[in-house]
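Everything on this sheet refers to the single structure shown next.
The values are calculated or read from the model by the stated rules, or taken from the named source; none is laboratory data. Remember, predicted model here, so these are calculated numbers, not experimental data. Cβ sites come from the backbone with ideal geometry, for glycine too, and all protein chains shown count toward neighbours.
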Amino acid sequence: MPARSFRPTLVALVLSSLLLTACGEATTAQPAGPARATPVDVVTLQPVTLPLTSELTGRTSAYRIAEVRPQVGGILKKRLFTEGSQVKAGQPLYQIDPDTYEASVASAKASLAQAEALEASSRLQAKRYAELVKIQAVSQQDYDDAQASWKQYQAQVAAAKASLKSAQIDLNRTLIKAPISGRISASAVTEGALVTASQSDALTTIRQLDPLYVDLTQSSTDLLHLKRLMAEGKLATDKDQQPLVRFTLEDGSAYSQEGKLQFADASVDETTGMVTLRAVVPNPDGLLLPGMFLRASLDEGQRSDALLVPQKAVSRTPRGGTSVLVVNGQDEVEQRDIQVSQSINGSWLVESGLQAGDKVIVAGLQKVQAGAKVVPQEAAATPGADKE
């Protein structure tokens, strides 16, 4: 009796095991469900009205520089200026001992007086001979000699006047005057020094600091863009149609005076591909000094349909270009090659490759690639300018 009851039980266990194995195989054979979409943060591009500027860098230089040198030689008697002060054109700076030159002037005056006396005598004789030759009281030869002698003494008077003028010029040059107005540097000589005419070493230097030049550097590509803007009249200009330039000082503060762009250099530096532009900036308070570093901005007007893309959304392609990941209408990721120009408040100004309404991925870039399904979530608004 116990053996009979054991057989049905064994059969039931075997059948149950077979059923469980079949169910497990059926479960394993079922196809996998669709992959879950990855959430990403996007920014929907909207056109904005944007004031555009060109940013340049450069250094200041003196508007005019004059190195003061003596034009006559002698012993320096006096220095007539305060080092580092502001001087005006024509202001006396040095006095060279004038004694020798005063004597030369006196000698030249005496020579002129002698020549004038001889000329007066020969003139009277020539006039008398002119009357006498008419009545044949003197020969024609005597008359011709008298006329020639008069002309000779006239030439001597002219030479004596030239010598006196030259001596007077040398005497005047013993008082060395400022050729231009500006700030004068330290003196390289003191009283008692021997100076010579046109010596190589300057006695001092004067720099005109109001206005100042600002020499700016720009790539040749940006220069072409700037010239097109000038031709189209898009740059802010003054009444003389000269482009206006705003400056930022080394400490980041804005300079109160606007400058004017004057010209661009006639050639491009072959090693750097850069061109030098020169601006003139007023410096009435003397705040700027030669050699200071400045940042310059040129207003290019406004762009009403500008698109800005956050810089963190832009990546470099292997060929050196730029690209972004965009979510299309099917919530799939697309890689889009774009062109950008200038940086504005943490965003790039888009020139091509994107249009208004495009959803650009700004967060979650490492988790997705082109063709992937995503769940776009709007991120913070794009910085830049006011929307239209």
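Is at least one residue of the stretch 245-261 surrounded by fewer than 12 Cβ atoms within 10 Å (Cβ to Cβ), more than 29 Å from Gly84 (Cβ to Cβ) and not small (Gly, Ala, Ser)?
no
Determine if the stretch 339-356 includes at least one residue that is among the aromatic types (Phe, Trp, Tyr), free of Cβ contacts under 8 Å to residues at least 60 places away in the same chain and in contact with a strand residue (DSSP E or B) (Cβ under 6 Å, 6 or more places away or on another chain).
yes
Quick check, is Ser323 of a type in the set (Gly, Ala, Ser) and modelled with pLDDT of 90 or more?
For Ser323, the condition - of a type in the set (Gly, Ala, Ser) and modelled with pLDDT of 90 or more - is met.
What are the residues in the stretch 232-247 that are over 15 Å from Gln262 (Cβ atoms) and either in a strand (DSSP E or B) or modelled with pLDDT under 70 (or both), if any?
Correct list: Glu232, Gly233, Lys234, Ala236, Arg246.
Out of all the residues in the stretch 117-151, which are aliphatic (A, V, I, L, M), within 21 Å of Lys161 (Cα to Cα) and either surrounded by 14 or more Cβ atoms within 10 Å (Cβ to Cβ) or not assigned by TED's automatic domain parsing to the domain that holds Lys161 (or both)?
Of everything in the stretch 117-151, just one residue is aliphatic (A, V, I, L, M), within 21 Å of Lys161 (Cα to Cα) and either surrounded by 14 or more Cβ atoms within 10 Å (Cβ to Cβ) or not assigned by TED's automatic domain parsing to the domain that holds Lys161 (or both), namely Leu118.
Identify all residues within the stretch 331-368 that are over 44 Å from the mean Cα position of the chain (by Cα) and exposed (fewer than 14 other Cβ atoms within 10 Å of the Cβ); write none if there are none.
Once the filter is applied, which keeps residues that are over 44 Å from the mean Cα position of the chain (by Cα) and exposed (fewer than 14 other Cβ atoms within 10 Å of the Cβ), the stretch 331-368 yields only Lys367.
Pick out the one residue from Asp299, Asp251 that is on the phi < 0 side of the Ramachandran plot and part of a loop (DSSP other than H, G, I, E, B).
Asp251
Scan the stretch 303-320 residue by residue and report those that are assigned to a loop (DSSP other than H, G, I, E, B) and either of a type in the set (Asp, Glu) or on the phi < 0 side of the Ramachandran plot (or both).
Matches in the stretch 303-320: Leu307, Val314, Thr317, Pro318, Arg319.
I'm checking my understanding of the structure. Among residues of the stretch 358-388 that are farther than 16 Å from Val314 by Cα and acidic (Asp, Glu), which one is modelled with the highest pLDDT?
Among them, the one singled out is Glu378.
When you go through (1) at pLDDT 90 or above; (2) surrounded by 15 or more Cβ atoms within 10 Å (Cβ to Cβ) one by one for Asn328, which number turns out not to apply?
The one condition Asn328 does not meet is (2).
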